[in-house]
Amino acid sequence: MAKIEIYTKGYCPFCTHAIALLEHKAADSSTLKIEQISIDGDMALREKMITRSNGSYTVPQIFINDVHIGGCDQLVALETNNKLDALLAE
């Protein structure tokens, strides 16, 4: 089962877009688990996100099976280049 973690904020359109893409993928598979981690007002979670993503402080920050993917643009690029499904299948 692929483990997906996405650090988000409530008012972020890029987060909404990334979540929609991942939920679409999850609808086609029973082996995907998406965990949304809101960093709104939680400095400890924000610091954890920044540390895990090697200094990236923008949202969303996406991890698939504990591997840092990046943000929404990187997720969409993986999908566009037909590489996202392979990552989700691991």
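Of these, Ile34, Ile50, Ile69, which one is more than 23 Å from Glu90 (Cβ to Cβ), surrounded by 12 or more Cβ atoms within 10 Å (Cβ to Cβ), without any contact (Cβ under 8 Å) to a residue 40 or more places away in the chain and β-branched (Val, Ile, Thr)?
From the options Ile34, Ile50, Ile69, the qualifying one is Ile50.
For residues that are part of a strand (DSSP E or B) and hydrophobic (A, V, I, L, M, F, W, C), scanning just the stretch 60-90, find the one that is farthest from Glu23 (Cα to Cα).
In this case the residue turns out to be Val67.
For the structure I just gave you, tell me whether Ala44 is on the phi < 0 side of the Ramachandran plot, among the small types (Gly, Ala, Ser) and at pLDDT 95 or above.
Details: on the phi < 0 side of the Ramachandran plot: yes; among the small types (Gly, Ala, Ser): yes; at pLDDT 95 or above: yes.
Criteria met by Ala44.
Looking only at the stretch 14-30, which residues are more than 14 Å from Leu84 (Cα to Cα) and over 13 Å from the mean Cα position of the chain (by Cα)?
Ala27, Ser30
Among the residues of the stretch 9-23, is there at least one that is part of a helix (DSSP H, G or I), among the β-branched types (Val, Ile, Thr) and either touching a strand residue (DSSP E or B) at 6+ places or on another chain (Cβ under 6 Å) or surrounded by fewer than 17 Cβ atoms within 10 Å (Cβ to Cβ) (or both)? Give the steps one after another, and end with the answer.
Here is the first cut: in the stretch 9-23, the ones part of a helix (DSSP H, G or I) are 13-23.
Right, trim to among the β-branched types (Val, Ile, Thr) and you get 16, 19.
Still in the list and also either touching a strand residue (DSSP E or B) at 6+ places or on another chain (Cβ under 6 Å) or surrounded by fewer than 17 Cβ atoms within 10 Å (Cβ to Cβ) (or both): 16.
Within the stretch 9-23, one or more residues are part of a helix (DSSP H, G or I), among the β-branched types (Val, Ile, Thr) and either touching a strand residue (DSSP E or B) at 6+ places or on another chain (Cβ under 6 Å) or surrounded by fewer than 17 Cβ atoms within 10 Å (Cβ to Cβ) (or both).
The values are calculated or read from the model by the stated rules, or taken from the named source; none is laboratory data. This is a predicted model, so every value here is computed, not measured. Using ideal geometry, Cβ is built from the backbone for each residue, glycine included, and neighbour counts are taken over all protein chains shown.
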